[in-house]
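Each remark here refers to the structure printed beneath this line.
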Amino acid sequence: MARYFIEVSYRGTNYAGFQIQQNANSIQAELEKALGVFFKADFQLTGSSRTDAGVHAIQNYFHFDSDKLPQDEILERIVYNINAILPEDIVVKTIKKVNHDAHCRFDAVGRIYRYHIYQTKNPFVADRAFYYPFKLDIALLQQAADALLEYKDFTSFSKRNTQVKTFICNLSKSHWEESNNMLIYTVAGNRFLRGMVRGLVGTMLKVGTQKMSLDNFRQVILSKDCSNADFSVPPQGLFLE
């Protein structure tokens, strides 16, 4: 039995998230179904990073074990055939054989998320960014983003009822930039908590609109209480990269 990593990209608009769940369609469910159709066998995938309903991914990974992939067959051909089965908003980029003990979640060295905001109405990006037509102080946004790099405990930016042993995250990048009429927040770290990036963005927007001071933003972090953060920004602006 060999182990494989499967690299995927998807637009999450039509899905209830990355992970398989009852009574709702997911990225994982579509991939397992497509693999099953092609190989005429059941597949059980393990995911590297979960994304919520409506969130997109430029790059995400699963791994699976199988003896159904011929060792001498070109994997690129298998990728082509699986993509022909998958819906148009999910694509398999690569399938690669890895060591039998490789784990797509625990072996990941880091993750990058980007959140996209547009401030002038544009119907062509509405499903991939958040329309926020309010005046923002970009300098204040950046100061808030810089402040995040001083902390490691992000309990305040984790939604309730999450099953994790620690709320410690090591962030290596946190910044805002303006590009192609978009305001983009980029954050990189070794791990992220449930709802964390949207909580960070929503709370920083309060700083950018001067509804919250930088000192109060720091107090939100230190409070370790998610009721003090703002998780209200919608999912369509968020990309796992």
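The values are calculated or read from the model by the stated rules, or taken from the named source; none is laboratory data. On a predicted model such as this, the values are computed, not experimentally measured, just so you know. Cβ sites come from the backbone with ideal geometry, for glycine too, and all protein chains shown count toward neighbours. Quick note on the areas: whole protein, heavy atoms, side chains included, nothing else; ligands and nucleic acids left out. Shrake-Rupley method; radii C 1.70, N 1.55, O 1.52, S 1.80 Å.
A few notes on this one:
- Between the range 115-191 and the range 47-96, the Cα center-to-center distance that results, in Å: 28
- Computed from point charges on the beta carbon alone (+1 for Lys and Arg, -1 for Asp and Glu), the dipole magnitude for the chain about its Cα centre is near 480 Debye.
- When you count the other C-beta atoms within 10 angstrom of each residue and take the mean per peptide, 53-60, 223-230 line up highest first as 53-60, 223-230.
- Student exercise, the range 1-57 dipole from Lys, Arg, Asp, Glu Cβ charges, in Debye to nearest 20: 60
- Charges were assigned to the Cβ only: +1 to each Lys and Arg, -1 to each Asp and Glu. The resulting dipole of the range 1-116 about its Cα centre is roughly 240 debye.
- Looking at the range 101-178, the GluC sites (Glu not before Pro) that sit in a DSSP loop and have at most 11 other Cβ atoms within 10 Å of their own Cβ are Glu150.
- Charge dipole of the chain about the Cα centre (unit charges at C-beta), most positive-ward option of Phe43, His103, Cys169: Cys169
- Loop trypsin sites (Lys or Arg not before Pro), the range 92-122 (other Cβ atoms within 10 Å of the site Cβ: 10 or fewer; DSSP): Lys121
- Computed helical MRE - 222 nm, the chain, DSSP H runs ≥ 4 contributing -39500 (n - 2.57), nearest 500: -7500 deg cm²/dmol
- Each peptide in 234-240, 184-190 receives the mean, over its residues, of other Cβ atoms within 10 Å, and ordering these scores from highest gives 234-240, 184-190.
- For the chain, the longest principal axis of the Cα atoms and the long axis of helix 214-223 meet at an angle of about 50 degrees.
- Given charges at Cβ of Lys, Arg, Asp, Glu: the chain dipole, positive-most of Met182, Ile138, Met1: Ile138
- Summary value for the chain: 23 percent relative contact order, contacts being C-alpha pairs under 8 angstrom separated by 6+ residues.
- Principal-axis tilt of helix 196-208 within the chain, Cα atoms, nearest 10 degrees: 30
- Note on Val109 and Glu76: the model spin-label points, each 7 Å out from Cα along the C-beta direction, lie 2.6 nm apart.
- Rounded to 10°, Cα long-axis angle of helix 138-148 versus longest principal axis of the chain: 70
- Apolar share of the accessible surface for the range 39-169: 51 percent from carbon plus sulfur atoms, 1.4 Å probe.
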